[in-house]
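Data first, discussion second: the structure below is written as structure tokens.
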């Protein structure tokens, strides 16, 4: 193992111990200062980011990948605004979640505390660097960040700015560490440092997440992969349905909460499929349809079994006509990744049935899956979308980056039995 990487992680561990007791005001001052630095260094950030984008273009990376990589004025401002939103949120550290008195007089309290050291392993998106730092520091955690080679120039500068802000407010500078090595072997070695790292959080494609989950020796919160569905019920408002489908697919197709499969009830398929297909094709979407969908629109590309499993992250949409609501639910629970699913319907019972039976982190009635996002949920930002069934599920904000400690007050009690 590269010794310098182990040293970095050891430093992060020491910093986490200091950061756990830092005041809310000091953490908020740091967030405000970093937000100002991002705004003040916008041109410099864009210059470094353009180096990464140029390399990605020269390497013929897909358009969706390049879109996730780009930092422009709007996105940099969004990062700064996100830090201020996090600063405005309540600090979860030290919150007494519950408390009770035992018959022997012991007072038991359940208190939120930081997780400790977070290892964030991610691809492309340099905005993840700032989101992770903002949420991590506010929740009292130190961070070991391992981005991909495609974002190295951007990440170096962003972390330099963060460490300058940490120094400005006498916070432990080692709270933020960048692992610059891009070797896949180093990921496995990083994930073996169980005595220093408390939680690993992968953000990226299926391959990255599978690699981390398979090889990690530290606990993992699995995030990201979004094979999301919209089901248009036979009692849907079809105008509303079209607007939602279009937003969920084309507003930003390269992200994990974009819709990948459209399910349509057979009773309205002959009306709705031609209607929505025309709009989708005008927007440049390639549609792959099941056999029944192709009986309605013969020019659709035939869908295969793999299409129901695929997170395209592109202007491609799979379409399946279903006979019943239960068939739609079964399809989602079979092929979905438990990320975000939506039903479009005016029928309360159908909506309730869908909400109860679909097994996903976020389930919508008459709304786009694109809302599964920390900022949109009022969390300021998110460190990822957890698709697991542990303490963190859905957008991971401040509370999800804490664990609990039992603090027990006594007056001399001893146990006799």
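The values are calculated or read from the model by the stated rules, or taken from the named source; none is laboratory data. Note that the coordinates shown come from a computational prediction; the quantities given were computed from them, not determined experimentally. Don't worry about glycine lacking a Cβ; one is built from the backbone with ideal geometry, like all the others, and counts go over all protein chains shown.
Tabulated data
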read-out	value
Hits in the stretch 19-60 - residues which are part of a loop (DSSP other than H, G, I, E, B) and touching a strand residue (DSSP E or B) at 6+ places or on another chain (Cβ under 8 Å)	20
Subset of the stretch 135-151 (residues that are at pLDDT 95 or above and part of a helix (DSSP H, G or I))	135, 136, 137, 138
Members of the stretch 100-134 that are touching a residue at least 60 places away in the same chain (Cβ under 8 Å) and either outside the structural domain of residue 66 (by TED's automatic domain parsing) or in a loop (DSSP other than H, G, I, E, B) (or both)	104, 105, 106, 115, 116, 123, 124, 125, 126
Any hit, the stretch 70-79, residues being out of contact with any helix residue (DSSP H, G or I) (no Cβ under 8 Å at 6 or more places or on another chain), closer than 26 Å to residue 252 by Cα and without any contact (Cβ under 8 Å) to a residue 40 or more places away in the chain	yes
Scan of the stretch 244-264 for residues that are surrounded by fewer than 24 Cβ atoms within 10 Å (Cβ to Cβ) and either part of a loop (DSSP other than H, G, I, E, B) or at pLDDT below 95 (or both), ordered by number	251, 252, 253, 254, 255, 257
Residues that are touching a strand residue (DSSP E or B) at 6+ places or on another chain (Cβ under 9 Å), outside any loop (DSSP other than H, G, I, E, B) and surrounded by 12 or more Cβ atoms within 10 Å (Cβ to Cβ), drawn from the stretch 271-291	272, 273, 276, 277, 280, 281, 286, 287, 288, 289
Any chance residue 226 is loosely packed, with under 15 Cβ neighbours inside 10 Å and either part of a helix (DSSP H, G or I) or in contact (Cβ under 8 Å) with a residue 40 or more places away in the chain (or both)	no
Tally, over the stretch 77-93, of residues that are surrounded by fewer than 16 Cβ atoms within 10 Å (Cβ to Cβ) and outside any helix (DSSP H, G or I)	1
Residue that is surrounded by the most Cβ atoms within 10 Å (Cβ to Cβ), among those in the stretch 380-397 that are more than 12 Å from the chain's Cα centre (by Cα) and under 19 Å from residue 138 (Cβ atoms)	380
Test: residue 414 is in a loop (DSSP other than H, G, I, E, B) and free of Cβ contacts under 8 Å to residues at least 40 places away in the same chain	yes
Number of positions in the stretch 30-73 that are within 22 Å of residue 379 (Cα to Cα) and modelled with pLDDT under 95	1
Answer residue from the stretch 215-226, given it is modelled with pLDDT under 90 and out of contact with any strand residue (DSSP E or B) (no Cβ under 8 Å at 6 or more places or on another chain) and is nearest to residue 153 (Cα to Cα) among those	225
Residue identified as outside the structural domain of residue 83 (by TED's automatic domain parsing), modelled with pLDDT of 95 or more and surrounded by fewer than 16 Cβ atoms within 10 Å (Cβ to Cβ) among 327, 346	346
Unmet criterion (only one of (1) in a helix (DSSP H, G or I); (2) within 18 Å of residue 154 (Cβ to Cβ)) for residue 71	(1)
Count of residues meeting criterion [over 29 Å from residue 263 (Cβ atoms) and surrounded by fewer than 19 Cβ atoms within 10 Å (Cβ to Cβ)] in the stretch 213-223	5
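Quick grid of which residues meet (1) in the same structural domain as residue 37 (by TED's automatic domain parsing); (2) part of a helix (DSSP H, G or I); (3) surrounded by 22 or more Cβ atoms within 10 Å (Cβ to Cβ); (4) modelled with pLDDT under 90:
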site: 162; (1), (2), (3), (4): yes, yes, yes, no
site: 170; (1), (2), (3), (4): yes, no, no, no
site: 195; (1), (2), (3), (4): yes, no, no, no
site: 200; (1), (2), (3), (4): yes, no, yes, no
site: 208; (1), (2), (3), (4): yes, yes, no, yes
site: 211; (1), (2), (3), (4): yes, yes, no, yes
